[in-house]
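The values are calculated or read from the model by the stated rules, or taken from the named source; none is laboratory data. Note that this is a predicted model, so its numbers are computed, not measured. Because the Cβ atoms are built from the backbone with ideal geometry, glycine has one as well, and the counts that use them run over all protein chains shown.
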Amino acid sequence: MSHAETYLAQAAEICRSLDPAEMEAMVAALVDLRARGGRLFILGVGGSAANCGHAVNDFRKLCAIEAYAPTDNVAELTARTNDEGWESVFAGWLEVSKAGANDAVLVFSVGGGSRERNVSPNLVLALEYAKQHGLKILGVVGRDGGYTKQVGDHVMVVPVVDANHITPHSEAFQAVIWHGLVCHPNLMAKANKWEGLARA
């Protein structure tokens, strides 16, 4: 098979392997979050950080959930990195935001964070803050799910179907899953533009 055929076949295999019950549980948690007026903090680094910014838009505009991604504020992110260190940037953001039991975090990550391997330690510290302050923890992660899977309440793990494509599949399926969340009829508060025009 060509690379394109292989990649698309792997994507189809991942789709068939994902747990729809976990996705429904994430929707229910987000519906509850909105009902109690809680905020959603979406955390990720690298390509996952770019996904965070897009997801913030969708949760705010389509689902009427107050959502934020610390990585969208480059001034604060780089000031915190420069002054206090990369590891604490997300925990510091949550602390200043007075994030608490009314709120939730959603992690997008290829590995989910690992203190032992010193990979995404900023996610680890943020999740420790979240656990200490009673935030719900949601996630879409790859590999074995890492620290996010260990401590999360509802975490979808993108299965590894090819060890050479862990990162592209993980980051691609972050988008597949969050779009599946925001268009869920229990969560969606406003139609997408084109679908709305078609109904009109």
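Tabulated results
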{"read-out": "Test: residue in segment 127-142 that is touching a residue at least 40 places away in the same chain (Cβ under 8 Å) and either over 29 Å from residue 189 (Cα atoms) or surrounded by fewer than 17 Cβ atoms within 10 Å (Cβ to Cβ) (or both)", "value": "no"}
{"read-out": "First in segment 1-16 and at negative phi and part of a loop (DSSP other than H, G, I, E, B), second anywhere and exposed (fewer than 10 other Cβ atoms within 10 Å of the Cβ) and of a type in the set (Phe, Trp, Tyr), Cβ under 7 Å, 6 or more apart", "value": "none"}
{"read-out": "Test result for residue 80, free of Cβ contacts under 8 Å to residues at least 12 places away in the same chain and basic (Lys, Arg)", "value": "no"}
{"read-out": "Residue selected from segment 143-156 under the condition among the hydrophobic types (A, V, I, L, M, F, W, C) and in contact (Cβ under 8 Å) with a residue 40 or more places away in the chain, by the criterion farthest from residue 34 (Cα to Cα)", "value": "156"}
{"read-out": "Inter-residue pairs, beta-carbon under 7 Å, first at negative phi and in contact (Cβ under 8 Å) with a residue 60 or more places away in the chain and in segment 19-44, second assigned to a helix (DSSP H, G or I) and of a type in the set (Phe, Trp, Tyr), 6+ apart", "value": "40/59; 43/90"}
{"read-out": "Boolean, residue 118 is without any contact (Cβ under 8 Å) to a residue 12 or more places away in the chain and either crowded, with 22+ Cβ neighbours inside 10 Å or under 21 Å from residue 9 (Cα atoms) (or both)", "value": "no"}
{"read-out": "Extreme residue, farthest from the chain's Cα centre (by Cα), among residues of segment 184-200 that are in a loop (DSSP other than H, G, I, E, B) and more than 10 Å from residue 59 (Cα to Cα)", "value": "200"}
{"read-out": "Test: residue 77 is at pLDDT below 95, surrounded by fewer than 22 Cβ atoms within 10 Å (Cβ to Cβ) and within 26 Å of residue 179 (Cβ to Cβ)", "value": "yes"}
